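To keep things clear, I will list the structure first and then write my remarks on it.
The values are calculated or read from the model by the stated rules, or taken from the named source; none is laboratory data. As the structure is a prediction and not an experimental result, all values here were calculated from the model. Glycine also receives a Cβ, built like all others from the backbone with ideal geometry; neighbour counts cover every protein chain displayed.
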Amino acid sequence: MSLKPLPLPHRPLAALVLSLSLGAAALPVTAAEEPMDFLFGSSGQAPRNQAVWKYGEFSALRLVEQEGGASPNEHPVRLDPASLVNRLASVEFDSGKGRWRPLFSRDELEEMAPQLSQALAQARPDQDLLLASSARREGGALSLPQTLTARLFARAGELQLIVRQARTDLLSQFRSTRLTPQIEFGSRHSDSGVRLQTRAGSLARGDWVRLPLANGAPDMAGATVPGTAATPATGQPPTPTMPVAPVRPARDEAFYAAQGQRLHGLLQLREQKLLSEEEFQRKRQEIINGL
């Protein structure tokens, strides 16, 4: 059976449905002129020397030209994915009225970290890394994904994370308008108003955290980060000279309530036969392991 192409006004929606049916693909993909419009089905070609890593549901990383007026970054840098998970898991944001929540979910970080590690290892000193990460997080398994947008780069022996939006409903915007959202990212030059805190590093600004690269080294003229060995000539990741203690996210009443919602959502999906018993048990165990 042959399929006729959809009329032009409906193609963005068709691309959205296609991207959902294909699932997560942690591979570099082509991108169009706007930094993240490929998330919603654009088929343009990526500019030369710029790379995109798409993963998960409406989530991706992209290398772009560094912001004007900034000092060169310490790129490329090689970081172990597990180290990235531990450090980023320590970052929390003020969700309102002084209620602090983890910026990322653990599942989200474990899916993102290998791609972030690859991107930082490929980045040049004149490039920043843009992040649009979508996940259900504290909303539970039946909620729509909420998107986090940020800018990352390595500088002064630290991983720098500047958050523009901690939570935004890009998916509903797209479904209601069928227009590709224009996504904004964190900037060195302006404070987004997001308030962050971390136990694993320090704040450069309310929306800007600095996390020490305790087990990574820049790939530049033999330079090293304290506590690491120089990158071997073989190109293999550097070997830490001291163990790195894992950093676990804060556990509060809101966190456990969110996990309960996730478990309840899984039960509903199994009862509706949208999850097999094997899938249900595997996801249930993942949630329990994260407690």
With the checklist (1) modelled with pLDDT under 85; (2) over 22 Å from A121 (Cα atoms) in hand, flag the one item D207 doesn't pass. (1)
Quickly run through the range 98-115 and pick out the residues that are crowded, with 17+ Cβ neighbours inside 10 Å and in a loop (DSSP other than H, G, I, E, B). L103, F104, S105
On the basis of being among the acidic types (D, E) and closer than 30 Å to R270 by Cα, does E74 make the cut? no
Qualifying positions in the range 131-146 - within 19 Å of G193 (Cβ to Cβ) and surrounded by fewer than 23 Cβ atoms within 10 Å (Cβ to Cβ): Q146
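Quick one: in the range 237-256, of everything that is modelled with pLDDT of 65 or more and out of contact with any helix residue (DSSP H, G or I) (no Cβ under 8 Å at 6 or more places or on another chain), which residue is farthest from S83 (Cα to Cα)?
For the range 237-256, the residue satisfying everything is E253.
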Please work out if G157 is free of Cβ contacts under 8 Å to residues at least 12 places away in the same chain and not assigned by TED's automatic domain parsing to the domain that holds L266. no
